[in-house]
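Chemist: Sending over a structure as structure tokens; questions will come in a sec.
The values are calculated or read from the model by the stated rules, or taken from the named source; none is laboratory data. This one's a predicted model, so the numbers in the text were calculated from it and none came from an experiment. Reconstructed Cβ throughout: ideal geometry from the backbone, glycine too, with neighbour counts over all protein chains shown. When the accessible area is computed, the model is the full protein with side chains, heavy atoms only, and any ligands, DNA or RNA have been set aside. Shrake-Rupley method; radii C 1.70, N 1.55, O 1.52, S 1.80 Å.
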Amino acid sequence: MEDDRALREGAGIGAVSARAQIAVAGKDRASYLQGLLTNDIQALTAGTGCYAAWLTPQGRMITDLHVLESGDMLLLDVPAEVVDGILQRLDQYLFSEDVQLASLAGALRGVWMHGPAAGAMLSKVIAGVPGLSAWSEYQNARFEFAGAPVVITRITQLGVPGFCAYIAPEHADALVRALVAHGAREVGQQAIDALRIEAGYPVFGTDMTEDTIPLEAGIESRAISFTKGCYVGQEIVIRVLHRGGGRVARKLVGLRIDGALPQRGARIVAGGREIGSVTSVASAPTLGTIALGYVHRDFTAPGTQIAVAAVDGAQSATVTERPMSSAA
């Protein structure tokens, strides 16, 4: 309960998932990524950023990315387990562009903070940091902590204000200790997962995979620009939106489940047939057993009654909106 209270009312320290970073430098960096990623990279100016996806020509996700423009380079924040493969893929798309790529895995560590007081605590610990509560999403800037450079950005993932401080690993623990000394709390994964699921925030590798079309995961409003030029996989996205009216075969939804936590991957059933599977599960202090999962498009309406398969039988469940707090 203390972890949950810190996240909802104060400041909690902990990452939603393991991430690593790639540096993209050179004068052609934005135009180079513009043709690969789903969001409008060329529209970014120094100190701004965005969320994006990289798709296959078939419209399936290769990865998701947080993209930060610093003024002299672009920082790509990707799932840690795919960073080497992403770097190799990026290199394969380089021809004559003035672009330099470098993995920052091992050279940077992200210290993630969530909660209403997170910005204020960062401002107390890091000299020169302004009032972060007024920052827009993905706004970023460089500062110093104990003489070491640190990049701070605002990235909301749990339905409460969120920030990440990128710093060299040898200084990260000292930063965490300083934040704890000012009232922040290191929180466990269980509390983070519960709030993330309530917020309806999907994680690549858990709720999104290389079989996922962004429209199925419901990330299009923040990951896709519908006004930019061509990018890999755009044809599929446009076809679904304009010819199919945005209808996909399955959709990621929130679930409130009656009973104990089911296994991740548990089958979702309705009317005697399998209609999907669970991707994330958690126990929330106020909502009980909650989950994210994909269901057939005929069962996505909030309030739809379905069931989740368990070892000792089926558990009844109700489809909710994302975020759940608006439907609870």
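Chemist: Please list, in chain and number order, the residues 5+ apart from Val150 or on another chain whose amide H is under 5 Å from its amide H, with Hs placed from the backbone.
Modeler: Under 5 Å from the amide H of Val150 lie the amide H atoms of Phe143, Glu144, Phe145, each far enough along the sequence or on another chain.
Chemist: Additional query: How large is the accessible surface per residue of the range 211-269, computed with a 1.4 Å probe and reported in Å² as a whole number?
Modeler: Working: 3040 Å² over 59 residues.
Ligands and nucleic acids excluded, the result is 52 Å² per residue.
Chemist: Would you mind counting up the charge near Gly59? Only other residues with Cβ under 9 Å from its Cβ, with Lys and Arg at +1 and Asp and Glu at -1.
Modeler: Details: positive: Arg60, Arg239; negative: Glu235.
With Lys, Arg at +1 and Asp, Glu at -1, the neighbours total +1.
Chemist: Which of rounded, prolate or oblate describes the chain when judged by the alpha-carbon gyration tensor and an a/c cut-off of 1.5? Please list the in-between numbers first.
Modeler: Values: a/c = 2.15, a/b = 1.20, b/c = 1.79.
Oblate is the answer for the chain, as a/c is 1.5 or above yet b/c matches or exceeds a/b.
Chemist: Further question on the same structure: How many percent of DSSP beta bridges within the range 89-165 run antiparallel, rounded to 5?
Modeler: Working: 14 of 15 bridges.
Given both bridge residues lie in the range 89-165, the antiparallel proportion sits at roughly 95 percent.
Chemist: Okay, next question. Which one of Val83, Phe95, Ala53 has its Cα pushed farthest toward the positive end of the charge dipole of the range 3-105, where Lys and Arg give +1 and Asp and Glu give -1 at the Cβ?
Modeler: Positive-most Cα among the choices belongs to Ala53.
Chemist: With a ≥ b ≥ c taken as the square roots of the eigenvalues of the C-alpha gyration tensor of the range 172-328, please select rounded if a/c is under 1.5 and otherwise prolate if a/b is larger than b/c or oblate if it is not? Provide the component values of the computation, followed by the final result.
Modeler: Numbers: a/c = 2.26, a/b = 1.13, b/c = 2.00.
Oblate shape, in that a/c is at least 1.5 and b/c is the bigger or equal ratio.
Chemist: Identify, among Cys230, Leu215, Leu132, the residue whose Cα sits farthest towards the positive end of the charge dipole of the chain, taking +1 on the Cβ of Lys and Arg and -1 on the Cβ of Asp and Glu, with the dipole about the Cα centre.
Modeler: Leu215
Chemist: I want the local charge near Val78. Using Cβ-Cβ distances under 15 Å, sum +1 for each Lys or Arg and -1 for each Asp or Glu among the other residues. Before the final figure, lay out each step's value.
Modeler: Details: positive: Arg19, Arg89, Arg109; negative: Asp64, Asp77, Glu81, Asp84, Asp91, Glu210.
Taking every other residue near Val78 into account, the sum is -3.
Chemist: So if I place +1 on the C-beta of Lys and Arg and -1 on the C-beta of Asp and Glu, and nothing else carries charge, what would the dipole magnitude of the range 231-317 be about its Cα centre? I want it in debye, nearest 20. Intermediate values should be presented prior to the final figure.
Modeler: On the way: 10 positive and 5 negative charges, 68 e Å.
Dipole of the range 231-317, to the nearest 20 debye: 320 debye.
Chemist: Taking square-rooted eigenvalues a ≥ b ≥ c of the alpha carbon gyration tensor, is the range 174-262 rounded, prolate or oblate, where a/c under 1.5 means rounded and, failing that, a/b exceeding b/c means prolate? Mind dumping the intermediate values first?
Modeler: Values: a/c = 3.39, a/b = 1.70, b/c = 1.99.
It is oblate, given that a/c is not under 1.5 and a/b is not larger than b/c.
Chemist: Mind checking which lysines have their Cα closer than 28 Å to the Cα of Lys27? Skip sequence neighbours fewer than 8 apart in that chain.
Modeler: Candidates past the 8-residue exclusion: Lys228.
Chemist: Still on this structure, please answer the following. Using just the Cα positions, wrap the range 1-136 in a convex hull and report its mean projected area in square nanometres, one decimal place. All intermediate terms of the calculation are to be shown ahead of the outcome.
Modeler: Values: hull surface 39.2 nm².
Reported value for the Cα convex hull: 9.8 nm².
Chemist: List the residue ranges in the chain for DSSP H helices whose C-alpha atoms run 18 angstrom or more along the long axis and whose Kyte-Doolittle average is -1.0 or above. Don't skip to the end; give the middle numbers.
Modeler: Working: long enough: 169-181 (19 Å, 0.53).
Membrane-span-like by this rule: 169-181.
Chemist: For the chain, what is the mean residue ellipticity at 222 nm derived from helices alone (per DSSP H run of n ≥ 4: -39500 (n - 2.57); sum divided by total residues; nearest 500 deg cm²/dmol)? Don't skip to the answer; put the middle values down first.
Modeler: Numbers: 9 runs with 69 residues, N = 328.
After summing the helix terms and dividing by the residues of the chain, the value is -5500 deg cm²/dmol.
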